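The values are calculated or read from the model by the stated rules, or taken from the named source; none is laboratory data. Note that this is a predicted model, so its numbers are computed, not measured. Here the Cβ positions follow ideal geometry from the backbone for every residue, glycine too, while neighbour counts run over all protein chains shown. Keep in mind that these areas ignore ligands, DNA and RNA; they rest on the heavy atoms of the full protein, side chains included. Shrake-Rupley method; radii C 1.70, N 1.55, O 1.52, S 1.80 Å.
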Amino acid sequence: MEGASLLALPEGMQIEQIQITENGLVIQIAATTPTSCCPLCAEISSSIHCHYQRTLRDAPCVGRRVQLLLIVCKFTCRNPYCERKVFAERFPTFVEPWARTTLRFCQQITSIGLATCGKGGKKLAARLGMQTSRNTILRRIMELPDPSLRSVVFLGIDDFAFRCGYRFGTILVNLESHRVVDLLPDRRAETSAQWMCNQPDLAVISRDRGGEYASAAREGAPQAVQCADRFHIIKNLTEAVQVLLARCQAEILAEKKPDEPGQNEQNKPIISIEEWRSPEPAYVEKVRLARRAGRHARYQQVVELQQQGMKPPAIAQQLGLSGRTVQRWLAAGTFPEAKKRRKRQSSFDAFAPYVLKRWQQGERNGLALWREIKAQGYTGTANGVYRHLETLKQTEV
Ligand SMILES: [Zn+2]
């Protein structure tokens with residue numbers, strides 16, 4: 001069998017030499033077609049002007065990287081009216097005019113990208129003998145034509161994060177085909193409403209329970225029925241139940257150990273200047289309490305099972321915890337509180353010692369304190385100062 005057809009090279013190419021190197025195969029190929037069409041005037045020319053070599057990355061061969069050294073002819077265009085005097089031979093089914101990779105290499109990279117992702121695709125490609133970068137894979141996918149947009153009847157809409165906690169976009173899903181139909185650059189009601197205006201067949205919009213998408217649907221698709229999607233109902237229900245259980249548990253514990261009157265005042269937690277931060281928003285605190293309640297309940301189960309004589313590995317298996325967690329909890333002897341998250345740097349930190357000193361001197365006016373540190377170069381808002389003072393009111397320093 002001829003080498004050129006074994007490597008599925010286009011007609012007119014022949015293999016000159018194959019070298020096996022440390023990095024894979026280097027295959028020298030020559031284009032042997034005696035004539036070529038001018039890309040500008042389409043006149044056939046057989047006047048060879050010169051030869052030159054193109055270096056191309058090709059699809060791998062039994063796990064080896066393949067590099068093609070392709071000798072290409074340059075022809076002279078004999079059409080006196082044509083602006084192009086010299087042109088290089090082209091291989092439209094094999095490689096683009098100025099590309100450094102063959103079309104089949106590109107197709108394989110695209111397939112890998114579609115099946116994986118940029119980072120994972122790069123690793124997989126390397127395993128298969130293809131050298132590429134994360135960005136190349138992503139660029140290939142971005143270059144794919146958009147699928148034709150059929151009209152959507154049942155729409156799912158939600159937000160997603162470009163960068164967690166900072167920048168959000170909107171994702172739109174056709175709930176019949178379960179495919180993403182579009183991504184919007186933000187999650188503002190106007191943007192989504194405008195998109196919905198172009199979808200006259202919208203009958204049902206399944207959304208979260210926030211106000212933005214509700215008003216988008218009212219504005220952009222007033223004919224559609226709006227419903228809360230299952231994910232958000234279950235998520236909100238779970239959070240509500242967790243908070244309720246946490247509250248119940250706190251009440252039960254409080255009932256068991258009644259506080260002495262005035263004890264709260266004396267038992268204010270003590271914070272250091274390093275740990276001083278503004279209190280968490282209410283919803284974060286709620287979630288933290290709910291998580292703590294769940295953790296506490298599991299801790300009690302662990303202790304009870306141990307008292308019944310069960311061994312740690314069996315406890316771990318029964319409660320779906322890791323063996324290490326069970327051992328750590330049992331070794332601790334008391335309920336181990338979760339570690340506090342690392343304090344985030346804030347522009348207030350540099351002024352904290354000064355504010356603390358003034359607080360201890362008896363200054364309780366947040367606005368006055370803000371003005372004082374502003375004069376010293378603090379760029380934050382007065383609200384930032386109020387929030388920090390809120391912590392001081394609840395604690396002893
Ligand atoms: Zn020409």
Original post:
Solvent-accessible area per residue for the chain at a 1.4 Å probe radius, Å²?
Top reply: 67
Original post:
residue 295 to residue 133: FRET efficiency via 1/(1 + (r/R0)^6), r the Cβ-Cβ distance, R0 41 Å, to the nearest 0.05?
Top reply: 0.45
Subject >> Free-standing Cys residues across the chain, given no other cysteine C-beta under 4.7 angstrom >> reply: 37, 50, 61, 73, 106, 117, 164, 197, 227, 248
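Restricting to Cα atoms and excluding each atom paired with itself, what does the Kirkwood estimate give for the chain in Å? Walk me through the numbers before you get to the answer.
Numbers: mean 1/r = 0.0340 Å⁻¹.
Computed over Cα pairs of the chain, the Kirkwood hydrodynamic radius comes out at 29.4 Å.
Just to verify a number: FRET efficiency for residue 190 and residue 285, C-beta to C-beta distance, R0 = 25 Å, to 0.05?
E between residue 190 and residue 285, to the nearest 0.05, is 0.15.
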Original post:
How many Å³ per residue does the convex hull of the Cα positions in the range 23-151 occupy?
Top reply: 144
Original post:
What figure in square angstrom, to the nearest 10, would you give for the accessible area of residue 158 with a 1.4 Å probe?
Top reply: 30
Original post:
With the contact rule set at Cα under 8 Å and sequence spacing of 6 or more, what percent relative contact order holds for the chain?
Top reply: 8
Subject >> Paramagnetic label zone (point 7 Å from Cα along Cα-to-C-beta, residue 214; backbone N under 20 Å) in the range 149-191 >> reply: 155-160, 170-171, 187-191
Original post:
What order do 244, 68 take when sorted by accessible area (1.4 Å probe), most exposed first?
Top reply: 244, 68
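Could you work out how much longer the chain between residue 153 and residue 107 gets when fully extended? Use 0.36 nm per residue separation minus the Cα distance between them, nm to one decimal.
Working: separation 46, 0.36 × 46 = 16.56 nm, distance 3.35 nm.
Gain in length upon complete extension: 13.2 nm.
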Original post:
Taking the Cα centre of each part, how many Å lie between the range 11-35 and the range 130-154?
Top reply: 32
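Taking the Cβ-Cβ separation of residue 245 and residue 365 as r and a Förster radius of 51 Å, what is the calculated FRET efficiency to the nearest 0.05?
Computed FRET efficiency for residue 245 and residue 365 comes out at 0.80.
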Subject >> Helix-only mean residue ellipticity at 222 nm for the chain, each DSSP H run of n ≥ 4 adding -39500 (n - 2.57), per residue, nearest 500 >> reply: -12500 deg cm²/dmol
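Note the full-extension length gain between residue 252 and residue 346 as 0.36 nm times their separation in residues minus their Cα-Cα distance, in nm to one decimal.
Gain in length upon complete extension: 30.1 nm.
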